[in-house]
Amino acid sequence: MADGTGALRGAAGRRLRSGRAWSGEGPVKLSLLMPAYNEEETIAAVAEALLSQDYPFEIELIIVDDGSSDRTPLHIAQIDDPRVITYRHPRNFGKGAALLTAAQLASGTHVLPFDADLEYAPADIPRLVEPVLAGRCDVVYGARLFGANTVYQSYRFAMGNKMTTLAANVLFDAHLADMHTCLKLVPLGLFRALRLQDTGFGLDSELTARLLRLGIRPFEVPISYHSRSHNEGKKLTWRDGFGCLVTLGRVRFGRGPRSMAELLDAATDAADAAGNGPSAVHENRPAAVGAPSDEQASSGVA
């Protein structure tokens with residue numbers, strides 16, 4: 001066991017220096033993670049748009065209904081495509097919980113959250129994966145650049161995003177343009193090893209904060225964006241902005257790995273403690289509210 005762990009850490013150390021520690025060998029497979037809560041007006045159109053794109057890589061679409069009270073589950077059940085996996089939470093646990101559940105079901109090399117509304121364009125997805133295919137990086141953000149192919153319904157919302165992004169840059173000595181973009185392309189092994197905890201909208205901030213704390217600087221690609229208004233179903237409020245600042249401070253000054261090497265050590269130790277050995281490092285799955293069993297996950301709504 002000790003020899004195997006040492007070999008794993010030695011190989012991982014070489015990949016850490018190359019900046020690509022968590023990417024598997026071979027072709028990219030993208031797992032699109034779609035949380036959905038009361039999105040009956042848009043869920044079918046978004047799923048169709050995602051599945052109709054011509055991708056130069058394999059994809060799967062994982063839809064988690066987070067206890068919707070409208071007809072969202074019925075629309076999900078009508079999606080007929082072998083690339084789609086669906087699961088339904090028994091009640092509303094939160095967007096973060098839905099994303100963690102989706103990540104547990106994922107089988108790709110990389111994950112990419114995608115909202116079940118019409119704010120983001122599926123056509124931008126191949127552009128996010130291009131730097132990964134080219135071997136330039138493994139973590140890519142789709143940046144909404146104010147005034148460039150973007151429509152914000154509220155100036156305050158746009159400025160709130162800029163203020164919290166500035167706070168993240170100051171706290172972690174980074175230079176992000178958009179920390180709150182939904183489109184965050186991350187290797188699946190890394191996403192799981194981070195052991196994200198927030199079950200609400202704060203998971204978005206926690207993911208970025210933990211990546212920045214590890215010294216990871218996402219490669220940003222400009223994307224298009226068309227914001228919804230609150231009347232159209234947008235769920236974020238000023239409270240989420242305040243919660244973001246709290247999360248940034250908690251991660252910046254709290255305990256936990258501060259480098260990729262420390263994260264790898266922690267993941268390896270956790271795998272050893274579970275009796276799985278070092279080979280289980282990249283299969284390290286965080287506990288999620290409403291985590292599905294193999295029997296519950298299916299091509300229909302569970």
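The figures follow:
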quantity: Region 27-254 - Kirkwood radius from inverse mean 1/r over Cα pairs (Å); calculated: 17.7
quantity: Likely footprinting exposure, 34, 260, fewest C-beta neighbours within 10 Å first; calculated: 260, 34
quantity: Residue exposure sequence - 110, 175, 75 - by fewest surrounding Cβ within 10 Å; calculated: 175, 75, 110
quantity: Relative contact order (%) - criterion: Cα under 8 Å, at least six apart; region: region 27-254; calculated: 23
quantity: Under-5 Å amide H pairs with residue 111, H placed in peptide plane, nonlocal only; calculated: 31, 186, 188
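Only the coordinates and a few stated rules stand behind these numbers; no lab work does. Everything numeric here is computed off the predicted structure, so don't read it as measured data. A quick note on method: Cβ atoms are made from the backbone with ideal geometry, for glycine too, and the neighbour counts reach across all protein chains shown.
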